[in-house]
Amino acid sequence: MRSLMPISCIIPLFFGCTGDQQTLTFPTLPDIESSTTSSTTAQFSTSTQTKEFVLSLVGEVRGELEPCGCPTLPYGGFARRTVALQEVLDGHTVFQLDAGETLLKGFFSNKGDTSIDRALLIGELSKDIGVDVWTVGPSDLIAVGMETLQTMTGPPRISATWYNNEGQRYFEPFKVISKDNIQIAVIGLSTHPTDPRYQFIETKSAKETLAALLPDIPSDIDMIVALGSMDDEEISDLQYTFPSIALFLSTEGANYEDPQHKPNATQIIEAPKQGRFIQNIYVRQTQPQKRLDNHVNEADWRTWLMVKDDPTHSVHQTLAEKGQRKNLYFTELIPLSATFDRTDTASQEKIASFAQSTIQKSQAIAEQPTTTTEPGFAASGRCAQCHTAEMAKWSFTNHSRAWESLLTHPVEGSTTNPDCIGCHTTGFGQVGGFGEPSTSNLRKFKAVQCEACHGPLKGHPNDKSIQPTPIDKDTCLGCHDAANSPDFDFDTYLRKATCQSK
Ligand code: HEC
Ligand code: HEC
Ligand code: HEC
Ligand code: HEC
């Protein structure tokens, strides 16, 4: 009999991980009923071996280094991801896959946060954390450009769909990864970049690409998966086309709550967004290079873990029947919550030094000489002298309290974290604006003040060349991005929190 890891280590969210960490083992379901005698043979699949492993999926990490400060789902970050991988998947054979859209942080206007530094750091951290393969996507290209994307430090990159005008691929089309006598082949399906700067890339269709590649996949591979930022519609059309592909693992995040199992189809599993979760797909395979047939539901799975030593429990029978000549899988979404906070992981050091250098750069930019187009920030104390009505209205909005929200936020260090202060202050990393969070700087620039919307206005109204910036949706989106303000709607929000609100 195979040994089984203690249940407490598989679901530490619920039970806390204690006790001896035994070697992996994914449940060998069919053996269980005959487990009292040592000479029994497996009940099924005598011709093929049972392989047990975990695919751990991320995608759309989108430049997020640390837990998001957002009011909803304040999860994520590399430090927690490191801990979660160690603790939740300890003892398992794990293949770490990144579906792409990894490097580029959403709209962010701070000029001191040169996104290239962030992108390079994300590449490095992804490699450190042990990502086995990464399908590059359109926003990765925007973050660093093609040449850097090909050469930067990071996990091995693939893309089977992107070609240059000479018909050559920019990246390896697929990668074979071997661990513990299990071999998986991962094919990279990147979607076509919409950015006009990258129209020189020719993108072949997923269908054409897979049809051409599958014959090249060695026959001794256990599982074939396709990974990447693939187009949703295109992929759903292919769910019934390629029976040898076990899974389509894609970006998007829409279905991550509970992927629906479709019978006789290649399942699509979408990666959770912004690095806030990891999606673990536990596989128990008896049929190589075949689809995953049966999704084990959570109740059965968790029950089974709890009663594994009690072969008389009906769940053993249920799962043995489900596993009859079938590849079983169970998906588990792990929120990277405070449960996984530990002090001093290696990634934290790198992130801290990135934060420090971002603040130094912001300060250097803040100190640059002002110009007519970048006149610098006067701060709201100045505006109040003339625009008392606007000042009064603004002071009742949440914008005026944005700094206090950081002070009361449970995540420590947010008041010195450039990934928070940029949106909760005014003029961060802009000429004549806010740089290092010193007490005197903060007194002037804390909270989302007038000039966060109206633009830098130092010199107004005396200098007529200095005019407020017209306000539209984009004024808000720099801060009200999808991660931090998921419910943002321009018309609704505009009425609620400007200097013009009722
Ligand atoms: C890209 C801009 C941006 C960044 C970066 C950002 N925030 Fe925010 N934050 C917002 C916006 C916008 C809201 C308001 C969202 C809404 O109500 O739609 C908000 C709301 C909040 C709130 C809720 C306030 C309340 O009481 O309702 C907290 C707390 C908060 N942020 C903390 C943080 C922390 C901590 C960080 C850093 C880890 C952070 N934010 C980073 C833009 C940002
Ligand atoms: C000394 C008084 C004074 C101060 C200080 C002042 N303003 Fe004004 N502001 C005016 C006057 C007068 C006008 C109208 C004439 C003009 O547009 O120059 C105006 C116009 C504006 C307008 C509207 C322009 C338009 O399109 O009608 C905005 C927006 C504005 N100010 C914002 C600010 C902000 C933000 C600050 C603080 C950074 C500020 N003002 C500081 C006097 C002032
Ligand atoms: C510099 C970043 C920034 C900009 C620019 C910005 N906001 Fe905000 N906004 C925030 C932050 C941060 C909060 C959360 C404040 C808090 O409660 O701590 C917020 C909160 C709000 C809220 C309150 C949400 C609620 O339900 O409590 C509204 C409404 C809002 N903003 C509308 C707008 C609109 C409209 C614009 C554009 C015209 C805009 N904001 C521009 C950062 C920004
Ligand atoms: C969340 C964004 C936001 C903030 C913060 C904000 N305003 Fe405004 N302000 C607007 C919008 C929107 C208008 C409407 C006119 C427009 O679209 O330009 C406006 C209009 C104005 C006008 C012109 C009023 C008129 O009658 O034409 C003045 C003056 C002004 N704001 C001053 C201020 C001052 C002073 C502050 C800070 C105390 C401030 N605003 C903060 C969004 C903002």
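The values are calculated or read from the model by the stated rules, or taken from the named source; none is laboratory data. Fair warning: this is a prediction, and the values are worked out from it, not measured in the lab. Reconstructed Cβ throughout: ideal geometry from the backbone, glycine too, with neighbour counts over all protein chains shown.
Given the criteria buried (at least 17 other Cβ atoms within 10 Å of the Cβ), hydroxyl-bearing (Ser, Thr, Tyr) and modelled with pLDDT under 95, does Ser362 qualify? Considered against the rule, which asks whether it is buried (at least 17 other Cβ atoms within 10 Å of the Cβ), hydroxyl-bearing (Ser, Thr, Tyr) and modelled with pLDDT under 95, Ser362 comes out as yes. Between Lys290, Lys262, Lys207, the distinction of being at pLDDT 95 or above and among the basic types (Lys, Arg) belongs to Lys207 only. Only one of the numbered conditions (1) polar (S, T, N, Q); (2) more than 9 Å from ligand 1 (Cβ to nearest atom); (3) at pLDDT below 95; (4) within 29 Å of the chain's Cα centre (by Cα) is not met by Thr426, and that is (3). Check whether at least one residue in the range 330-342 is touching a residue at least 12 places away in the same chain (Cβ under 8 Å) and within 30 Å of Gly427 (Cα to Cα), and report yes or no. Looking through the range 330-342, none of the residues is touching a residue at least 12 places away in the same chain (Cβ under 8 Å) and within 30 Å of Gly427 (Cα to Cα). Within the range 425-446, being touching a strand residue (DSSP E or B) at 6+ places or on another chain (Cβ under 7 Å) and of a type outside the set (Ser, Thr, Tyr) holds for Gly427, Phe428, Phe434, Asn441, Phe445, Lys446. Within the range 390-407, the set of residues being within 15 Å of ligand 4 (Cβ to nearest atom) and touching a residue at least 60 places away in the same chain (Cβ under 8 Å) comprises Glu390, Met391, Lys393, Trp394, Phe396, Thr397, Asn398, His399. Among the candidates Ala338, Ala392, Ala355, the residue that is under 30 Å from Ser56 (Cα atoms), loosely packed, with under 14 Cβ neighbours inside 10 Å and either within 16 Å of ligand 1 (Cβ to nearest atom) or of a type in the set (A, V, I, L, M) (or both) is uniquely Ala338. One residue stands out among those in the range 360-390 that are within 19 Å of Thr469 (Cβ to Cβ) and not in a loop (DSSP other than H, G, I, E, B): the one that is farthest from ligand 3 (Cβ to nearest atom), which is Arg382.
Look at (1) near ligand 4 (Cβ under 9 Å from one of its atoms); (2) of a type in the set (D, E, K, R); (3) free of Cβ contacts under 8 Å to residues at least 24 places away in the same chain and you find that Glu451 fails only one, number (3).
Inside the range 408-421, can you point out the residues that are within 24 Å of Lys458 (Cβ to Cβ) and either touching a residue at least 40 places away in the same chain (Cβ under 8 Å) or within 16 Å of ligand 2 (Cβ to nearest atom) (or both)? Walk me through how you get there before you give the answer.
Initially, the range 408-421 is screened for residues within 24 Å of Lys458 (Cβ to Cβ), giving 418, 421.
Scanning the range 408-421 gives a single hit, Pro418.
So, restricting to helices (runs of 4 or more DSSP H) that lie completely within the range 422-502, which ones have at least 3 residues that are more than 17 Å from Ala402 (Cα to Cα) and away from ligand 2 (no atom under 14 Å from the Cβ)? Give the steps one after another, and end with the answer.
Details: elements: 439-445, 450-454, 473-477, 490-496.
Counting at least 3 such residues, we get 490-496.
Each row is one residue, and each column tells you yes or no for (1) among the basic types (Lys, Arg); (2) touching an Asp or Glu at 6+ places or on another chain (Cβ under 8 Å); (3) closer than 21 Å to Ala271 by Cβ.
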position	(1), (2), (3)
Asn165	no, yes, no
Ile177	no, yes, yes
Ile187	no, no, yes
Thr191	no, yes, yes
Ile201	no, no, no
Lys204	yes, no, no
Ala212	no, no, no
Ile221	no, no, no
Ser229	no, yes, yes
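Quick test for you: out of Ser357, Ser405, Ser400, Ser353, pick the one residue that is under 22 Å from Lys458 (Cα atoms), assigned to a helix (DSSP H, G or I) and of a type in the set (Ser, Thr, Tyr). Please lay out each step first, then the result.
On the way: Ser357 fails: under 22 Å from Lys458 (Cα atoms); Ser405 fails: under 22 Å from Lys458 (Cα atoms); Ser353 fails: under 22 Å from Lys458 (Cα atoms).
Every option except Ser400 fails the conditions.
Scanning the range 426-440 for residues that are away from ligand 3 (no atom under 14 Å from the Cβ) and closer than 30 Å to Arg495 by Cα yields Val431, Gly432.
If the condition is being within 20 Å of Tyr75 (Cβ to Cβ), of a type outside the set (S, T, N, Q) and either in the same structural domain as Gly76 (by TED's automatic domain parsing) or near ligand 3 (Cβ under 8 Å from one of its atoms) (or both), then the range 402-425 contributes Leu406, Gly422, Cys423, His424. Selection of the range 475-499 for residues being within 9 Å of ligand 3 (Cβ to nearest atom) and touching a residue at least 40 places away in the same chain (Cβ under 8 Å) yields Leu477, Gly478, Cys479, Asn484, Ser485, Lys496, Ala497, Thr498. Applying the set (1) surrounded by fewer than 16 Cβ atoms within 10 Å (Cβ to Cβ); (2) modelled with pLDDT of 95 or more; (3) acidic (Asp, Glu) to Glu451 leaves exactly one unmet item: (1). Within the range 459-497, restricting attention to residues that are buried (at least 19 other Cβ atoms within 10 Å of the Cβ) and over 31 Å from the mean Cα position of the chain (by Cα), which residue is farthest from ligand 4 (Cβ to nearest atom)? Looking at residues that are buried (at least 19 other Cβ atoms within 10 Å of the Cβ) and over 31 Å from the mean Cα position of the chain (by Cα), I get Ile466.
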